[in-house]
Amino acid sequence: MGMKAFKYRLYPTKAQEAAFNGLFGAVRFVFNYYHTMRSNLYVKKEDLTMSIPEEYELYDEERSIYRHKEDLTLWYALQNHDLSYNFIKVNEDGSPADFSLPKEEEPPAEFMWIEDNVYAVFTEERDFVCYVERAKDESGSLLWRICQKPQKLDFSQFHLSNHFTQLKKRPSFSWLRNYPDVPLRVAIENLDTAYKNFFDRIKKGIKPYGYPRRKKRNNSFAIKFEKNSRLLDGDKVILPRYGAVKCVLSRPLEGRPTRATISKEPSGEYYISFACTEVDIEKYPSTEKQIGLSFGIKHLATTSDGVTYDNPKYLSKLDKKLRRAARKASRCQKGSNNSKKAYKAKARIEARVRHQREDSMHKLTTQLVKECDTICVSGMNVKQLMQGSKAARAIADASWGELRRQLVYKAGWRGKQVIVVDKEIPVRQICSNCGAVCPSERKNKKEKWVCPHCNTEHTRGVNTAKNILTQGLKSISES
């Protein structure tokens with residue numbers, strides 16, 4: 001049993017397309033709204049501990065604030081907390097001059113609910129101002145007042161989801177009620193996961209930390225399904241609020257779907273991807289074969305047995321058409337119908353290259369995993385190789401990183417083993433016969449070379465694959 005994704009092509013109607021496009025924007029808005037909220041409340045670790053300046057020593061116990069000795073300026077001492085702070089001018093009565101406290105019970109849009117009746121106030125530029133509390137006086141009438149900071153600020157998924165419930169009740173955000181609730185809450189869940197992963201990387205010291213980014217126009221949203229949800233009806237997918245959407249089931253859906261992601265490609269194609277658990281994945285029979293695998297541009301992959309797999313170079317074959325389409329799109333007036341058509345034609349060529357590459361990559365990796373029990377590959381940093389290289393375009397077209405990624409997860413599914421060799425080992429310069437290191441071969445671009453120590457002639461790809469196999473098996477024995 002394991003997890004697996006199943007991706008199918010969707011053919012929505014014009015009305016469904018319009019509804020999807022609206023939902024794409026709503027999901028992006030919710031994600032970016034709370035991302036902005038959390039980003040303004042996040043500062044660097046060294047700025048979290050703050051001291052009170054001498055000119056702000058006068059403390060007003062009634063308002064829980066620090067006053068300036070000479071003028072009416074308030075300073076909120078947000079010590080040991082991940083909040084930004086600033087100085088704000090106040091009126092004669094002590095109320096901040098940057099904003100006026102509301103008179104109605106419903107809080108304004110710039111008030112962010114924190115806990116109970118406490119709200120955080122922001123400016124139009126999303127800068128933090130202060131905390132306010134909604135309370136009642138002795139007569140029972142409504143009273144808004146400035147209060148001290150809560151002891152604990154919670155920006156978890158549960159807390160933001162409760163805030164989102166209150167957000168939709170406000171008149172300025174009532175348009176969010178026109179869309180399904182689940183995809184919008186999944187966006188909050190994704191944001192919470194992104195921040196958790198970010199802080200986990202900080203604790204572990206993994207660099208770059210990767211601070212969560214705002215969601216761009218990627219045109220995708222996710223839907224969660226209950227355990228007994230009705231998903232398929234013949235050749236159609238049942239989506240909440242949108243009804244049945246035509247779908248091409250190229251293969252049967254297996255396991256139990258827990259989430260579906262609907263995406264729109266730049267070429268205008270719609271896809272739905274199901275994340276399924278409890279999938280029964282068949283194990284391949286053992287062949288007891290061990291190989292090393294080296295990557296290249298002329299030959300996409302070369303094994304230690306001397307077998308080569310040619311690089312199809314799909315991007316190079318369609319490069320002339322793609323450049324012509326790109327020039328035509330760049331000449332069109334931005335925003336015009338002709339511009340949209342031209343960019344769509346360019347996106348169709350790019351999609352064709354991507355689909356061809358994915359198809360050949362899946363066939364190759366499946367064949368290798370089926371034929372071999374142990375596959376040793378190099379752990380080279382592909383992005384680093386592409387920086388400043390004249391062959392960067394050819395390396396990107398070969399997709400070495402994707403080839404290695406597919407081998408790793410498919411081997412895990414099928415009961416096989418993939419060993420990633422340390423990238424610091426100079427497998428390209430080592431003679432597979434005598435083991436001598438030849439630094440002079442580092443920049444040699446010839447396909448064949450002779451070892452100066454043992455006079456053995458090597459084919460570069462096969463020699464590299466043999467060294468990768470040797471180093472991979474050595475790492476197994478040492479562990």
Legend entry - Selection status of GLU278, of a type in the set (Asp, Glu), assigned to a strand (DSSP E or B) and at positive phi: yes
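Within the range 420-457, which residues are polar (S, T, N, Q) and assigned to a loop (DSSP other than H, G, I, E, B)?
GLN429, SER432, ASN433, ASN444, ASN455, THR456, listed by residue number.
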Inset, instruction - For the range 294-309, indicate whether the set of residues that are of a type in the set (Ser, Thr, Tyr), closer than 30 Å to PHE221 by Cβ and touching a Lys or Arg at 6+ places or on another chain (Cβ under 7 Å) is non-empty. - result: no
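Mind counting the residues in the range 277-295 that are surrounded by fewer than 20 Cβ atoms within 10 Å (Cβ to Cβ) and in contact (Cβ under 8 Å) with a residue 12 or more places away in the chain?
13
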Legend entry - Selection count where residues are farther than 16 Å from ALA26 by Cβ and within 22 Å of the chain's Cα centre (by Cα), scope the range 161-194: 3
Legend entry - In the range 415-431, the residues that are surrounded by 15 or more Cβ atoms within 10 Å (Cβ to Cβ) and more than 15 Å from SER475 (Cα to Cα): LYS416, ARG428, GLN429, ILE430, CYS431
Inset, instruction - Quick one: count up the residues across the range 392-451 that are more than 30 Å from ARG354 (Cα to Cα) and of a type in the set (Gly, Ala, Ser). - result: 4
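Enumerate the helices (runs of 4 or more DSSP H) found wholly within the range 294-407, keeping only those where 3 or more residues are under 28 Å from GLU282 (Cβ atoms) and not charged (D, E, K, R).
Counting at least 3 such residues, we get 337-371.
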Legend entry - Filter pass, PHE158 being hydrophobic (A, V, I, L, M, F, W, C), at pLDDT below 85 and more than 13 Å from the chain's Cα centre (by Cα): yes
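The values are calculated or read from the model by the stated rules, or taken from the named source; none is laboratory data. Small disclaimer: the values here were computed from a predicted structure and weren't measured. Neighbour counts are summed over all protein chains in view; Cβ atoms, including those assigned to glycine, are modelled from backbone coordinates with ideal geometry.
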